Amino acid sequence: MFQNSQSGEFGPFSRFIPVAKNDGKYVLVLAGEYEDLKKQKKVAKQKFLNDADARPYEARAAAVTESNARAKAAGAAGGDD
């Protein structure tokens, strides 16, 4: 999940769009998925209308974070060359 204090690059050519939840945290959604959410009327003005709609994107973010942590740990366990 994208935190308020976390830096990032977003603009017209970014793959991800930060979408706010009601608790003030942000979830990164792929641009194409964001367009689908708009058509389904689940987001408006880059905010989820219902936080339940953000859960699939939070789960994906958690999986990526876990994968990154495992890769980092594996790199640290490899030792210095």
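Please treat every number below as a calculation from the coordinates, not as lab data. Keep in mind it's a predicted model, so treat the numbers as computed, not measured. Cβ sites come from the backbone with ideal geometry, for glycine too, and all protein chains shown count toward neighbours.
Points worth noting:
- Inter-label distance, residue 68 to residue 33: 1.5 nm, where each label sits 7 Å from its Cα along the C-beta direction.
- Potential extension, residue 42-residue 76 segment - 0.36 nm per residue separation minus Cα distance: 8.1 nm
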